[in-house]
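Q: Mind having a look at this structure? Questions to follow.
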Amino acid sequence: MRFQELKTTEERLELMSTLSERFSKRAAPVDEEGTFPFDNLNDLKTSGYTALTVPKRYGGEEISLYELVCLQEYIARGDGSTALSIGWHMGIIQDLGERNRWKESMFKMMCEDVRNGALINNCASERQTGSPTRGGKPTTTAVKQGKHWVVNGRKTFTTMSPMLDYFNVTATVAESEEVGYFLIPRSTDGVEIEETWDSIAMRGTGSHDLVLKDVKIEEDYLVERVEPGNKGASGWLLHIPACYLGIAQAARTYAIQFAKEYSPNSIKGSIIDLPNVQQKVGEMEFELMRARHFLHSVAKQWDEADEEGRNRMKPELGAAKLAVTNSAIEVVDLAMRIVGARSLSEQNPLQRYYRDVRAGLHNPPMDDMTIMLLAKNAIK
Ligand SMILES: Cc1cc2nc3c(=O)[nH]c(=O)nc-3n(C[C@H](O)[C@H](O)[C@H](O)COP(=O)(O)OP(=O)(O)OC[C@H]3O[C@@H](n4cnc5c(N)ncnc54)[C@H](O)[C@@H]3O)c2cc1C
């Protein structure tokens, strides 16, 4: 069954739920070995998921942001690394379709490739810049040579690097000091992946270093000019909180199941009947409910707003990300308290959720930047 054959969000969520169960069975070995979930990504490609955000004008389904965050949450219930990886690709294509920032011929070519299974991600982080959202200028350079660009540099955190077909790389144009996104096909000479990803969180994202040595691309492959640190409101980044919400939901489900089955001989029945456990279950429900409503309402607001309205949504988008990722951390913590010391066993999925959910703090926008933005808005 392909997603394209299904018409409603509910039907698509049902299909994703089946895929997600499969992902959850594969999550532990990928995490333990620090490999990449190739099988999950291939399942997402063959089911047509990876093309769902392609706009209708290029033969896609053009799903809404609301539907995207729901589907992304379901993926993360099975495997956070898979969700974060594919979330970048899905969001980038949605964003490009909505904002027409690329030359139309380039975007048309990209959409055709995506419909045939191609994957793309933005490669903006560098060791020297830290998070690109803080305005650091790329040390990766692009030099014009006739009708070509020659790109040199190193990018960190290149999520999905084992399977990407396109690296959308930020670089500084040597002569003008302008910064732009340069689209680099994987097959281009001088493109290398150095397997540096040794994070204890999101181990299956394959977020290795991308090394570019005299990479030559045609002039049209400078696809977008940008001002570092001055990104407008980006609805598509809500795939990030959706991912961490999914991880938290998985932790909650595991903890409740455990509590129903665990029956120490100091009590009759199982620990689910105990008030101290029910207190934590209720607190988890509260955090999840609040997080989900916030995320969904901001996503729907984005879907319903015009361009001007969307441009004003940066505070809401940042606040939703902050609230959801911090609630997700809280939920995983509560789930672990319910399960007790067993939650720290290597064989227990909660220890993976605990490591994975922390990564949300280091995906954009960072909490301190959101708080400052809210403060500035309030004072203004
Ligand atoms: C799992 C995962 C996947 C990722 N995938 C991608 C990807 O696909 N593509 C990509 O481009 N990036 C990706 N990233 C990178 C991410 O977007 C950040 O660039 C990266 O996490 C570094 O952020 P940081 O906050 O640790 O770094 P920094 O910005 O260096 O921050 C480190 C510390 O220094 C402080 N700091 C640094 N500069 C300033 C400043 N100017 N003002 C105030 N405080 C400052 C921060 O507050 C923080 O305490 C990924 C990250 C993770 C964790």
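Q: Got a sec? Charge dipole of the chain, +1 on Cβ for Lys and Arg, -1 for Asp and Glu; which of Met366, Ala76, Gly130 is way out at the positive end?
A: With unit charges placed on the Cβ atoms, the residue in question is Met366.
Q: Now a separate question. Using the number of other C-beta atoms within 10 angstrom as an exposure proxy, rank Phe23, Phe286, Phe107 with the fewest first.
A: Going from sparsest to densest Cβ surroundings: Phe286, Phe107, Phe23.
Q: Could you put Arg337, Arg310 in order, starting from the residue whose Cβ has the fewest other Cβ atoms within 10 Å?
A: On the way: Arg337 15, Arg310 20.
Lowest count first: Arg337, Arg310.
Q: Given that compact globular proteins tend to follow 2.2 N^0.38 Å, what is the ratio of the alpha-carbon Rg of segment 3-118 to that value?
A: 1.06
Q: Can you tell me how much longer the chain between Leu274 and Lys108 gets when fully stretched, taken as 0.36 nm per residue apart minus their C-alpha distance, in nm with one decimal?
A: On the way: separation 166, 0.36 × 166 = 59.76 nm, distance 5.84 nm.
So the chain would gain 53.9 nm between Leu274 and Lys108.
Q: Here is a further query. Please order Cys243, Cys111 by the number of other Cβ within 10 Å, starting at the fewest. Could you put the intermediate results ahead of the total?
A: Details: Cys243 33, Cys111 22.
Lowest to highest Cβ neighbour count: Cys111, Cys243.
Q: Of the residues Lys144, Lys321, Lys216, which exhibits the maximal mean-square fluctuation in a Gaussian network model of the chain defined by a 10 Å Cα contact cut-off?
A: With Cα springs under 10 Å in the chain, the top fluctuation among Lys144, Lys321, Lys216 is at Lys144.
Q: Go ahead and collect, in residue order, the members of segment 88-119 whose backbone nitrogen is under 18 Å from a label point 7 Å along the Cα-Cβ direction of Asn42.
A: Of the residues in segment 88-119, 116-119 have backbone N under 18 Å from the label point off Asn42.
Q: Looking at the chain as a GNM with Cα springs under 10 Å, which of Ile193, Ile75, Ile240 has the largest mean-square fluctuation?
A: So, out of Ile193, Ile75, Ile240, the one fluctuating most is Ile193.
Q: Under 8 Å for C-alpha pairs, at least 6 residues apart: give me the relative contact order for the chain, rounded to a whole percent.
A: On the way: 683 pairs, mean separation 63.7, N = 380.
It rounds to 17 percent for the chain.
Q: Another one. Between segment 85-145 and segment 209-256, what is the separation of their alpha carbon centroids in Å?
A: 9
Q: Which residue, Ala233, Ala299, Ala251, has the most motion in a Gaussian network model of the chain that connects Cα atoms within less than 10 Å?
A: Ala233
Q: Follow-up question, since we're still on this one. If you stretched the chain out fully between Arg186 and Met1, how much longer would it get, using 0.36 nm times the residue separation minus the C-alpha to C-alpha distance? All intermediate terms of the calculation are to be shown ahead of the outcome.
A: Numbers: separation 185, 0.36 × 185 = 66.60 nm, distance 2.95 nm.
That pair, Arg186 and Met1, stretches by 63.7 nm at full extension.
Q: Can you list which of the trypsin sites (Lys or Arg not before Pro) found in segment 225-272 are DSSP loop residues with at most 14 other C-beta atoms within 10 Å? Don't skip to the end; give the middle numbers.
A: Values: sites: Arg225, Lys231, Arg252, Lys260, Lys268; in loops: Lys231, Lys268.
Those satisfying the criteria are Lys268.
Q: For a quick size check, give me the Cα extents of the chain along its three principal axes, largest first, whole Å.
A: Principal-axis extents of the chain (Cα, largest first): 80, 49, 44 Å.
Q: Moving to a separate point now. For segment 122-226, calculate the relative contact order in percent as a whole number, restricting contacts to Cα pairs under 8 Å that are 6 or more residues apart. Can you show the working numbers first?
A: On the way: 238 pairs, mean separation 32.3, N = 105.
For segment 122-226, the relative contact order is 31 percent.
Q: Quick one: length gained pulling Met289 to Val226 fully straight, 0.36 nm per residue minus the C-alpha distance? Mind showing how you got there, number by number?
A: Details: separation 63, 0.36 × 63 = 22.68 nm, distance 3.68 nm.
Length difference between fully extended and current span is 19.0 nm.
FYI, it's all coordinate maths here, none of it is from the lab. This one's a predicted model, so the numbers in the text were calculated from it and none came from an experiment. Counting neighbours? That spans all protein chains shown, and the Cβs are built from the backbone with ideal geometry, glycine included.
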